[in-house]
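Have a look at the structure below, then the notes.
The values are calculated or read from the model by the stated rules, or taken from the named source; none is laboratory data. These numbers were taken from a predicted model, which means no experiment stands behind them. Don't worry about glycine lacking a Cβ; one is built from the backbone with ideal geometry, like all the others, and counts go over all protein chains shown.
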Amino acid sequence: MASGHRLTLRSIDADPRAASIAASATALGLPLDGPVAVADIVFVEGDLDAADRDALGAFLVDDLLQRGTWDVPQAPAGSNDAAHSSPVEITFHPGVTDTAADAVLRAGAQLGVSVTAAVSGRRLEFPPGTGASTVDRLLRRAVANPIIEHWSAGEATPVFHPGTPGRGESASIPMRTLDSDGLARLGAERSLALDPAELVVIRDHFAGLGRDPTDVELETLAQTWSEHCAHKTFRATLVVDGEERPSLLGRLQAATDTVGRDFVRSAFVGNAGIVCFAEGTTLALKAETHNHPSAVEPFGGANTGVGGVIRDVMGAAHRPVALTDVLCFGPPDLPVDDLPDGALHPRRIRDGVVDGVADYGNKIGLPTIAGAVLYDEGFTTNPLVFCGCIGVAADRPLPTGPDPGDRVVVLGGRTGRDGIRGATFSSATMDATTGEVAGASVQIGDPVTEKLLIDVLDGSDELWTAITDCGAGGLSSAVGEMADGVGADVDMDVVPLKYPGLEPWEIWLSEAQERMVVAVPPAHLLALRDRCDRHGVELADLGAFTGDGRLVVRHHGEIVLDLDTAFLHNGRPGRRMEATAPVPDRIPGRRRHVGDPAATLLALLAHRNIASKAATIHRYDHEIGGGTVVRPLVGRHGDGPADGVVLADPWETHGFAVGIGVNPWYGLHDPEAMAHAAVDEAVRNVVAVGADPDLVALLDNFSWGDPRRPSTLGAL
C-alpha cells in the first residue's frame, strides 16, 4: 500500500494572507493578541523515497519566495515556536475539485515520480491563548467556507480517494398519484425549481405512459425546463394591465430584425451571439451571470462563471481571446450585526469574487479587458457577477447539428458530485438556508484543463459536425440539446469519473466548465482521439446520435432515461404572467443645493462607486496575448480609467472596441430611461476610443428581481 507524505510551504517574506486574516478578525470584532502565520500544505500518496521527495519539492517550491519541508510542519520564518499556537488546517471536502492537487499529479507524471493521489490545504497558526470559539467564528466568517471546506485543530487527515456511498443505480420516483400538494413537496425535496403547472404536465405525461419517471428523467426535465436553461420569463406571454403583449424575447428579436444589420451572423440562438468583425473573421460575444453560486462560494462562483462563458464561446466554435466582468456588491463596510442570516459579508464576497475572476482569467491566459465594480445595499445577500467572453473565428457556415450515426463524444474534465443541479439552483429563490442546501451546486474551476481543451478544439472543426458545452445540466443539457429532433443513445458506464459512488442522475447532470460534447462522424474519431492524446485531454465515446428522436441513456445495462425529445424540449407549458406598467418618476426641474462645491466634489470622488477601481483592475492581466491596444487604465502614468478598450490581433491592422454601460440606480426611478442611458453610455464609450458607431453590436444582460411580482415584471 502506498504511503502518505506531507509538504509544508511557507513564504520567506511576510505572507499577505496573514495580514488579511488579521484585518478580517478586527472587522469582526475578534482582535488577535499577536500575528497569524499561514502556510500551504500538500499531502502526497505514493512510494516516494528521499530522491523522489527532493525532486518533487524542487519542482513545487519557489526557492526565491518559499521554503518547504517534508513531513514536519516547520515554524514560521523569523519567529519562535512560542509566538504561534492553536494550529488549524483546512482542506477541501472529499470530491470538491482540487486544482492544486491536480497540478501535483501532473508534476509527478512529468518528473517520473510515483504520485498516486494528492490533496492540498492551508495551515493557520494563531497567537497563544486564542480561544477555539474565536478561531471557529473567524474561519466561518472570513477565512474558510464550510460549503466546500472543512478544518481541524492540529494536523489534517487527507482523504486521498474520496469515493462516496451511493446506490449506484437509478430509482423510480412515484408521482402518478400525487395531488398538487404532493407535487409541491416532491419539487421542494428534490430542489426541482419547477412551476406547479410543469409538475402536473410531467405527472400526466408519465401517467399516459403507464409508469413513473426515473430520477434521471425527472432531474433531466427539471434541468431542461429550468428558468436558467429555458428562459421562461423571457418567453412568457405577458398581460400588462389587462392587455396581452408579446413575450420579452419576441420583442428583443423583433427589434434586432427591424434594425436589420447585415454584420449580425447569429442572435438569440446557440451559445453566443456572432457578428462579422473583419473580412473573413467573426466575433462571438457572450456574457452570463453567476450570482447565486457567488453568493454561496464567492471564489468558486466567479471562477466558474468565467470558465462558463469561455466554454460558451468554445461551444459557438470560436477561440476565446478576451474576458470582461461587471461586479455588484453590498457595502464593504456593512456592520456585521446588520448582515442578514445565512449571508456572507459583502467584503468577503467582493474579495472572493475578484480572486476568482483573476485566478481563472490569469491562469487560462486570457486578458480581462473591461468591466465595472458597483456597490449598493440591494446587492448584500445576492451579488451580481456578470462574466463575459469574446471569441474569434474564421467566417464560415455555422455548425448545423449532428447527423444520425455521429458519435457522442465528451472531451475534457472528469465528472464529480460538484456542480449538480446548477441549473435549478440558479433558477431558485435564495434565502437564509441556501448555502446549507446548495453545496453540491458549487464548483471550483480548472483553468489549466480548459486551456488544453481550447488548444484541442482550435482548428479542429473539420473533425466534428456539432459542439456544445456541459453547461448547467452537464451531459443532460449538452447531449439533450444536441439530440433535439435527432435522438441519441448514451452509455454512462463510459463517462470518466473523478471517484466512484455517483448515482446515475448525478453522473448525467453534473456541470463542469472544462468539458465539451462534440458530434463526431465515425471516420474522424481516431483523428480527434490522436489530437486529444497530444494535448493531454481525456476523450470518451459515449454512444451515437440515432435519428429516431428519442433520448435513451443506459447505466450498467439498464435504461435509466427514455424520453421523446419533442416532449423534452417542447412539452413545457408556456407561462402567462401578469405585469403592471411602472409609473416613471420624471419630475422636471428638480435641483439640489450644493453648499460648498469643493467639498462636494471631494465627497463625490471618495464615493465607493466613483473612486478608482485600480486595485481591482491590477489584479487582472489585461496584457496577455499582446493584443490590448487601448488598456483599461490610460494616461501619462497609466492611472486614468479609459472610456473603452481596444483589442487587435498583433498581426493585423484592424481591431475591435469594447465599452460598458450600467447604472442600476437610474432604474429605481425610470427603468426604460435606465436602458436608454446604459446603451447611450456603452456606445459613447466605444466611439470615444475610435469605434465606428454604425458598426456597434449590443450585448444586453438582465438581472432582475422576482418576476412573479407584477410590478417587478412590468419594470423589466
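Does GLU558 satisfy being farther than 30 Å from PRO246 by Cα, buried (at least 20 other Cβ atoms within 10 Å of the Cβ) and of a type in the set (D, E, K, R)? When the stated conditions are applied, GLU558 does not pass them. Of all the listed residues (THR134, THR116, THR177), the sole one being within 30 Å of GLU558 (Cβ to Cβ), of a type in the set (Ser, Thr, Tyr) and either loosely packed, with under 15 Cβ neighbours inside 10 Å or touching a residue at least 24 places away in the same chain (Cβ under 8 Å) (or both) is THR177.
Being touching an Asp or Glu at 6+ places or on another chain (Cβ under 6 Å) and within 18 Å of CYS470 (Cβ to Cβ) holds for only one residue in ARG319, ARG311, and it is ARG311. Per the listing PRO504, PRO496, PRO500, the residue uniquely surrounded by 21 or more Cβ atoms within 10 Å (Cβ to Cβ), more than 21 Å from the chain's Cα centre (by Cα) and touching a residue at least 60 places away in the same chain (Cβ under 8 Å) is PRO504. With respect to the conditions (1) more than 30 Å from THR282 (Cβ to Cβ); (2) among the aromatic types (Phe, Trp, Tyr); (3) more than 28 Å from the chain's Cα centre (by Cα), TRP651 lacks only one, and its number is (1).
Is there a residue being touching a strand residue (DSSP E or B) at 6+ places or on another chain (Cβ under 8 Å), crowded, with 22+ Cβ neighbours inside 10 Å, closer than 14 Å to LEU563 by Cα and in contact (Cβ under 8 Å) with a residue 24 or more places away in the chain anywhere in segment 201-209? Within segment 201-209, not a single residue is touching a strand residue (DSSP E or B) at 6+ places or on another chain (Cβ under 8 Å), crowded, with 22+ Cβ neighbours inside 10 Å, closer than 14 Å to LEU563 by Cα and in contact (Cβ under 8 Å) with a residue 24 or more places away in the chain.
Residues of segment 297-304 include none that is closer than 19 Å to LEU366 by Cα, among the aliphatic types (A, V, I, L, M), part of a loop (DSSP other than H, G, I, E, B) and touching a Gly at 6+ places or on another chain (Cβ under 7 Å).
Among the conditions (1) within 23 Å of HIS292 (Cβ to Cβ); (2) part of a loop (DSSP other than H, G, I, E, B), the only one that PRO650 does not satisfy is (1). Considering THR256, THR282, THR289, the condition of being touching a residue at least 60 places away in the same chain (Cβ under 8 Å), under 30 Å from PRO582 (Cβ atoms) and among the polar types (S, T, N, Q) is satisfied by THR289 alone.
Number of residues in segment 210-229 that are assigned to a loop (DSSP other than H, G, I, E, B) and farther than 21 Å from VAL552 by Cβ: the value is 1. From the list ARG619, ARG608, the lone residue that is in contact (Cβ under 8 Å) with a residue 12 or more places away in the chain, touching a strand residue (DSSP E or B) at 6+ places or on another chain (Cβ under 9 Å), among the charged types (D, E, K, R) and within 23 Å of TYR666 (Cα to Cα) is ARG608.
Residues of segment 100-113 that are crowded, with 19+ Cβ neighbours inside 10 Å and either within 23 Å of the chain's Cα centre (by Cα) or of a type in the set (Lys, Arg) (or both): ALA101 alone. Within the bounds of segment 668-689, is there any residue that is assigned to a loop (DSSP other than H, G, I, E, B), at pLDDT 95 or above and not aromatic (Phe, Trp, Tyr)? Yes; the residues of segment 668-689 include at least one that is assigned to a loop (DSSP other than H, G, I, E, B), at pLDDT 95 or above and not aromatic (Phe, Trp, Tyr). GLY270 satisfies every condition listed in (1) at positive phi; (2) assigned to a strand (DSSP E or B) except (2).
Scanning segment 305-335 for residues that are crowded, with 24+ Cβ neighbours inside 10 Å and over 21 Å from PRO632 (Cβ atoms) yields GLY307, GLY308, ARG311, ASP312, MET314, GLY315, ALA316, ALA317, HIS318, GLY330. Against the list (1) farther than 21 Å from ALA488 by Cα; (2) touching a helix residue (DSSP H, G or I) at 6+ places or on another chain (Cβ under 7 Å), the condition ILE507 fails is (1). Whenever a residue of segment 687-705 is within 19 Å of ALA648 (Cα to Cα), its partners that are exposed (fewer than 15 other Cβ atoms within 10 Å of the Cβ), lying with C-beta atoms within less than 6 angstrom and at least six residues away or across chains, give the pairs VAL687/PRO693. Being at pLDDT 95 or above and either touching a His at 6+ places or on another chain (Cβ under 7 Å) or among the small types (Gly, Ala, Ser) (or both) is a property that does not hold for GLY501. Only a single item in (1) farther than 16 Å from VAL689 by Cβ; (2) touching a helix residue (DSSP H, G or I) at 6+ places or on another chain (Cβ under 7 Å) is not met by LEU633, and it is number (1).
Among the residues of segment 230-249, not one is outside any helix (DSSP H, G or I), in contact (Cβ under 8 Å) with a residue 60 or more places away in the chain and touching a Phe, Trp or Tyr at 6+ places or on another chain (Cβ under 7 Å).
The helices (runs of 4 or more DSSP H) found entirely in segment 417-477 that carry 2 or more residues being modelled with pLDDT under 55 are 422-427, 434-437.
Counting the residues of segment 335-363 that are outside any loop (DSSP other than H, G, I, E, B) and either touching an Asp or Glu at 6+ places or on another chain (Cβ under 6 Å) or without any contact (Cβ under 8 Å) to a residue 12 or more places away in the chain (or both) gives 4. The set of residues in segment 355-376 being under 17 Å from VAL662 (Cβ atoms) and of a type outside the set (S, T, N, Q) consists of VAL357, ILE369, ALA370, GLY371, ALA372, VAL373, LEU374, TYR375, ASP376.
To keep it simple, each residue is scored yes or no on (1) surrounded by fewer than 24 Cβ atoms within 10 Å (Cβ to Cβ); (2) modelled with pLDDT under 95; (3) assigned by TED's automatic domain parsing to the domain that holds HIS622; (4) in contact with a strand residue (DSSP E or B) (Cβ under 8 Å, 6 or more places away or on another chain).
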position: CYS276; (1), (2), (3), (4): yes, yes, no, yes
position: ALA287; (1), (2), (3), (4): yes, yes, no, yes
position: SER294; (1), (2), (3), (4): no, yes, no, yes
position: ASN303; (1), (2), (3), (4): no, yes, no, no
position: ASP337; (1), (2), (3), (4): yes, yes, no, no
position: ASP341; (1), (2), (3), (4): yes, yes, no, no
position: GLY352; (1), (2), (3), (4): yes, yes, no, no
